[in-house]
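**Student:** One structure coming up, written as structure tokens, with questions to follow.
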Amino acid sequence: MGRVKVLVVEDEPLIAFDLEATLDNLGCDTVGPTAFVTEAQELAMRETFDCAILDVNVRGGSITSVAKILLDRGVPILLTTGYSDWALADSLSDAPKLRKPYTSEQLESAL
């Protein structure tokens with residue numbers, strides 16, 4: 001089996017860099033990271049992924065549309081946020097979540 005292909009949507013450069021390095025150490029290939037909802041939507045529609053890690057709030061925009069595309073395609077998602085509450089659509093309330101800051105161990109366990 002090949003490496004796991006993970007879409008990463010994250011708008012904080014340091015978090016994105018750290019996440020990409022952690023995923024590489026876990027044997028994953030990262031697509032992105034992208035910090036734009038429109039780019040993430042395009043990737044979600046045309047690429048194939050094993051899973052996706054989605055920051056809930058990307059440059060002030062909601063990730064809900066990207067999550068819906070991925071879930072409709074059967075791609076598991078992991079939502080992340082640094083905010084204290086989850087402002088999510090009801091359709092995403094059961095999605096796995098990690099609150100920032102999270103450790104590489106927490107990320108590995110969630111994946």
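The values are calculated or read from the model by the stated rules, or taken from the named source; none is laboratory data. Since the structure is predicted, the reported quantities are computational estimates derived from the model, not experimental observations. Reconstructed Cβ throughout: ideal geometry from the backbone, glycine too, with neighbour counts over all protein chains shown. We work out accessible area using only protein heavy atoms, side chains counted, and drop any ligands, DNA or RNA first. Shrake-Rupley method; radii C 1.70, N 1.55, O 1.52, S 1.80 Å.
**Student:** Considering only residues of the stretch 20-76 that are touching an Asp or Glu at 6+ places or on another chain (Cβ under 7 Å) and among the β-branched types (Val, Ile, Thr), which is surrounded by the most Cβ atoms within 10 Å (Cβ to Cβ)? So that I can check it myself, show each step before the final result.
**Tutor:** Restricting attention to the stretch 20-76, the residues satisfying the condition of being touching an Asp or Glu at 6+ places or on another chain (Cβ under 7 Å) are 26, 30-31, 33, 35, 55, 58-59, 63.
Subsequent filtering for residues that are among the β-branched types (Val, Ile, Thr) retains 30-31, 58, 63.
Values: Thr30: 19, Val31: 18, Val58: 20, Ile63: 25.
Result: Ile63.
**Student:** Which of the numbered conditions does Thr103 fail, given that it passes all the others? Conditions: (1) modelled with pLDDT of 85 or more; (2) within 23 Å of Leu43 (Cα to Cα).
**Tutor:** All conditions are met except number (2).
**Student:** Given the conditions (1) at pLDDT below 95; (2) open to solvent by less than 40 Å² (accessible area, probe 1.4 Å); (3) out of contact with any strand residue (DSSP E or B) (no Cβ under 6 Å at 6 or more places or on another chain), which single one is not true for Met1?
**Tutor:** Result: Met1 passes all but (2).
**Student:** Another question, if that's okay. Give the residues of the stretch 1-46 that are basic (Lys, Arg) and over 17 Å from Ala110 (Cβ atoms), sorted by residue number.
**Tutor:** Of everything in the stretch 1-46, those that are basic (Lys, Arg) and over 17 Å from Ala110 (Cβ atoms) turn out to be Arg3, Arg46.
**Student:** Restricting to the stretch 90-111, name every residue that is closer than 28 Å to Asn25 by Cβ, not aromatic (Phe, Trp, Tyr) and not in a helix (DSSP H, G or I).
**Tutor:** Ala95, Pro96, Lys97, Leu98, Arg99, Lys100, Pro101, Thr103, Leu111
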